[in-house]
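Shown next, in structure tokens, is the structure this report addresses.
Please treat every number below as a calculation from the coordinates, not as lab data. A quick note: this is a predicted structure, and the numbers were derived from the prediction, not measured. Here the Cβ positions follow ideal geometry from the backbone for every residue, glycine too, while neighbour counts run over all protein chains shown.
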Amino acid sequence: FEAELETQKDLPCTTLDGTDISLMVNTGLLTDVYRSLDRGAEGVGLYRTEVSFMMQERFPSEAEQTVIYRQQLEAFAPRPVTMRTLDIGGDKALPYFPIEEENPFLGWRGIRVTLDHPEIFLVQIRAMIRASEGLDNLRIMLPMITSVSELDEALHLVYRALFELQEENVPVTMPEIGMMIEVPATVYQTRAYASRVDFLSVGSNDLTQYLLAVDRNNPRVAGLYSSFHPAVLTALKYIVDVAAEEGTPVSICGEMAGDPAGAVVLVGLGYDTLSMNSASLLRVKSMLREIDMTWARDLAAEVLTLEDPLVIKSTVELALKDAG
Ligand code: PEP
Ligand code: MG
């Protein structure tokens with residue numbers, strides 16, 4: 001079976017009726033990069049920069065970060081690499097930057113930390129831009145945005161970094177800038193965000209955790225955690241519809257995209273770009289190559305009328321099984 005999947009790696013990810021779906025990869029370490037290139041990823045939909053920060057003993061310098069980012073950008077060029085700015089806090093701690101809180105997932109996390117420490121943010125943006133010199137495949141993505149003012153502030157800092165580099169005679173090209181939709185509040189303001197950024201990317205892991213008020217890492221409530229919950233699916237549908245009206249590309253980079261049942265629902269809802277762990281790429285591709293878009297749309301429309309996450313999940317799995 002594995003060998004059969006291997007044969008998929010150079011085939012296009014096109015549904016039976018000829019609709020192209022872009023399959024991107026989530027990376028953190030350099031080892032992810034080589035695995036993903038092997039498996040035909042079309043680019044990086046999410047590079048989690050905090051992973052390399054977690055493996056150091058202090059904040060990496062601008063020069064050190066530049067080297068790390070360059071490796072990612074070079075390995076994928078000319079394919080796009082979406083670099084997310086530091087997303088620490090929640091369950092991700094840096095040994096040299098302790099954060100002690102009662103409710104880490106509702107606390108100082110992601111963009112909240114870096115907007116309070118613009119020096120960390122600016123160094124990271126500068127390193128990303130320097131690393132992309134001559135490659136032109138950098139996309140910058142902002143995590144945990146909750147309010148439009150945070151996005152505006154972050155964009156302002158990105159422009160400041162670009163301006164400073166220009167002043168220093170570093171050749172800069174404007175990267176595409178996007179943000180994650182992962183805090184439920186942002187769902188309801190999708191239009192405002194879509195009009196400000198070059199792209200949106202849904203973080204279904206956090207969106208599910210926050211919409212359902214279920215800790216994504218707590219085994220005691222793991223049975224309540226489901227991206228097939230009707231509230232999550234309704235949010236996903238709203239986001240993709242509004243983004244389409246605004247003409248802003250939207251992708252999805254949570255675990256849901258790497259699960260064939262999740263992927264088929266997403267595609268049926270209108271998502272045309274899915275980003276996942278390298279291990280899921282071939283399995284999702286082989287499934288998508290065997291389905292018809294009309295069928296996927298009908299299936300998504302059907303599950304949107306259902307009320308129970310377990311029923312929804314088994315309906316989708318059964319439909320996939322019946323389809324062969
Ligand atoms: C997400 O929240 O869905 C996501 C992709 O980001 P992370 O898992 O790193 O929080
Ligand atoms: Mg997240």
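For the range 129-172, what class follows from the C-alpha gyration tensor (a ≥ b ≥ c being the square roots of its eigenvalues): rounded when a/c is under 1.5, otherwise prolate if a/b is larger than b/c, else oblate?
Oblate.
Quick one: which residues, 5+ away or cross-chain, put their amide H under 5 Å from the amide H of VAL202? H built at 1.01 Å from N.
ILE181, SER251, ILE252, CYS253
How high is the relative contact order of the chain, in percent, with contacts defined as C-alpha pairs under 8 Å that are six or more residues apart?
So the answer I get is 19 percent.
Report the calculated FRET efficiency for ASP298 and HIS156 (r = Cβ-Cβ distance, R0 = 41 Å), to the nearest 0.05.
Taking R0 as 41 Å, the efficiency between ASP298 and HIS156 is 0.40.
Helix 118-131 versus the longest principal axis of the chain: what is the Cα-based angle in degrees, 0 to 90, to the nearest 10?
Orientation of helix 118-131: about 80 degrees from the principal axis.
Does the range 122-225 come out rounded, prolate or oblate, given a ≥ b ≥ c as the square roots of the eigenvalues of its C-alpha gyration tensor, rounded meaning a/c under 1.5 and, failing that, prolate meaning a/b above b/c?
prolate
Let me test this: with uniform point scatterers at the alpha carbons of the chain, what is the Debye-based log₁₀ I(q)/I(0) at q = 0.08, 0.12, 0.16 1/Å?
-0.36, -0.82, -1.44
Using the charge dipole of the chain (Lys, Arg: +1 at Cβ; Asp, Glu: -1 at Cβ; taken about the Cα centre), state which of LEU29, VAL264, ILE312 has its Cα farthest towards the positive end.
Going by the charge dipole, the pick is LEU29.
Between ALA77 and ASN218, what's the calculated FRET efficiency when r is the beta-carbon distance and R0 is 41 Å? Round to 0.05.
0.55
Calculate the FRET efficiency for ARG289 and ASP241 from the Cβ-Cβ distance with a Förster distance of 30 Å, rounded to the nearest 0.05.
Once the sixth-power term is evaluated, E becomes 0.70.
What nm distance separates the two modelled labels at PHE105 and THR305, each placed 7 Å from Cα along Cα→Cβ?
3.3 nm
Where the centroid of each part is defined by its Cα atoms, how far is the range 6-69 from the range 144-185 in Å?
21 Å
Quick check: residue separation of ARG196 and ARG58 times 0.36 nm, minus the Cα distance between them. What number comes out in nm?
46.3 nm
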